[in-house]
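The values are calculated or read from the model by the stated rules, or taken from the named source; none is laboratory data. Not measured: the values here are computed from a predicted model. Backbone-built Cβ (ideal geometry, glycine too); neighbour counts: all protein chains shown. Accessible surface areas use protein heavy atoms only, side chains included; no ligands, DNA or RNA. Shrake-Rupley method; radii C 1.70, N 1.55, O 1.52, S 1.80 Å.
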Amino acid sequence: MKKEIKKLLSAALFLFCLAGMVGCKKEAAPEVYNMQAADPALLHSCSQQLTNVIVHDIFKPPVASRIYAYSFLAAYEALQPQSAEHTSLAGKLNGFTAVPAPEEGKVYCYPLASTKAFIEVGKALTFNMEMWEDFEKDFYAQYEGMGIPADVYERSSAYGEQVAKHILAYAGADNYKITRGYRHTLTHKAGSWVPTPPTYAEACEPRWNTIRTFTLDSAAQFGPPPPAAYDLEKGSEFYKLVQEVYQFDKNLTEEQMNIAYFWDDNPFVTTILGHAAFAEKKMTPPGHWIEITRTVAQDQQISMLDAAEAYTLAAIALYDGFIACWDAKYKTDRIRPVTVINSTLDGDWMPFLETPAFPEYVSGHSTISAAAGRVLTHKLGEGIAFTDSTEHKWGHGVRSFSSFEQAYWEASISRVYGGIHFRDGVEEGTYLGERIGEWVWAKTKGAPADVLANKPKPSASTATEPLKASAK
């Protein structure tokens, strides 16, 4: 009888202890939970989830750049108070005022606030709430297991929400809503843009140049020179550009096809088989460069705060790059290669890649790639080698680069290989992007605003050399 009573008492004691463990989680010291919470992998997973949602929701590339920029700005501003070495971007970005300050004397877990701010902004600017809800369940469970005191957890989450609200108010005044529903009016002038096969879709975001910039004084601040004049006379500059695209496509090497396909980044590729049509969702160009940022940040094992800054500045460069590029596109209203070639050289010709639905000059991919590449070069280093496998899951292979510069020049020439851009469109787009990237860095870091002002453009003969080198 005594043995049975002893066993019952032992069992009761065990259950009491177990209940205590479940009901009262052990609180960790601030230095312990903050170290765990500041694992950059947490921010990287948020970034990847935002890309997944953007792909699912099929946002157009300019709109995707806007979503990334505001989401990462929220993450950075909520995390920045923990470091005196990193300063707020308030006053450095057009119209951006300081986010609410943390309560003085209160303890915060800023990494938690940062990811909370990121997710709240990402959710507000995208559509698929179910994807976010599924992600949040597992994501926040990681913080709950770190021993963050309940009051600190609640205060930090609330602070992240405060920052997100401030960022969303800032985003709400950028003219985006006013530009919804505008349509591009076709001029039908010789050499002007018209919808292209296979879908003949309406022009994308014709008023994007009216969106408020983050750093540029105006959308036209670094406006490129006029494109080659439309002239189909043999020997003219434009005729040579047309012939180059046509001959490239007829004689593409396997490597050139790999390059074109690797950098395709078309969020909604259409395939038509007879009377049936279907589309394939893929990553956008800004999403590709955000993933490159993640890859190199992980390779270099930089801190969560440095990663947040890298993401934010790259996203701002992408965003301003699209605004400047779209300003040039709709001012020049230049015809696409497929339209010219079909009407003058070969009625059955189709480019290797599907032509995007907007004017040709300048190349958007070239512009935004160079803009992000210049910022990342400043932030993460010159001559940083990396292997890009970010689009492997979409069947786009893996490529290695010796630097961000090599990567953005390859992205640029890929559009000529793909048959969707002329060479002057990609080269001038790259020069435009380089200047924007330098400007973004100068404006946000307080550096001298050189913006490559004294760097001469390569001549026509030497301009192709970086492109050829990247294609080897």
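Looking across the range 384-425 at every residue that is surrounded by 20 or more Cβ atoms within 10 Å (Cβ to Cβ) and basic (Lys, Arg), the one that is farthest from VAL296 (Cα to Cα) is identified as ARG423. Is it true that some residue in the range 237-244 is modelled with pLDDT of 95 or more, out of contact with any strand residue (DSSP E or B) (no Cβ under 8 Å at 6 or more places or on another chain) and open to solvent by 70 Å² or more (accessible area, probe 1.4 Å)? Yes, the range 237-244 has at least one match. Do the conditions hold for ALA328, that is, is it within 30 Å of PRO81 (Cα to Cα) and either surrounded by 24 or more Cβ atoms within 10 Å (Cβ to Cβ) or of a type in the set (S, T, N, Q) (or both)? Judged against the criteria, ALA328 is not a match.
Residues of the range 205-217 that are assigned to a loop (DSSP other than H, G, I, E, B), open to solvent by 10 Å² or more (accessible area, probe 1.4 Å) and closer than 20 Å to ALA315 by Cβ: GLU205, ARG212, THR213, ASP217.
Rundown of residues vs (1) open to solvent by less than 10 Å² (accessible area, probe 1.4 Å); (2) at pLDDT below 95, yes/no style:
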| residue | (1), (2) |
| --- | --- |
| TRP349 | no, no |
| GLY373 | yes, no |
| GLU382 | no, yes |
| LEU432 | yes, no |
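For the range 87-117, filtered to residues that are farther than 20 Å from TYR140 by Cβ and within 22 Å of the chain's Cα centre (by Cα), the residue that is surrounded by the fewest Cβ atoms within 10 Å (Cβ to Cβ) is GLY95.
The residues on offer are GLU77, GLU133, GLU120, and the sole one that is open to solvent by less than 30 Å² (accessible area, probe 1.4 Å), modelled with pLDDT of 95 or more and of a type in the set (D, E, K, R) is GLU77. Return the residues of the range 54-74 that are open to solvent by less than 30 Å² (accessible area, probe 1.4 Å), closer than 19 Å to ASP320 by Cβ and not hydrophobic (A, V, I, L, M, F, W, C); say none if nothing qualifies. Residues satisfying the conditions are PRO61, PRO62, SER65, ARG66, TYR68, TYR70, SER71. With respect to being surrounded by 15 or more Cβ atoms within 10 Å (Cβ to Cβ) and either farther than 24 Å from ARG435 by Cβ or under 21 Å from the mean Cα position of the chain (by Cα) (or both), ARG183 falls outside the description. A single member of ASP346, ASP333, ASP327 is in contact with a strand residue (DSSP E or B) (Cβ under 9 Å, 6 or more places away or on another chain) and among the acidic types (Asp, Glu), and it is ASP333.
Count of the range 34-62 residues, restricted to those that are over 11 Å from MET304 (Cα atoms) and touching a helix residue (DSSP H, G or I) at 6+ places or on another chain (Cβ under 8 Å), is 16.
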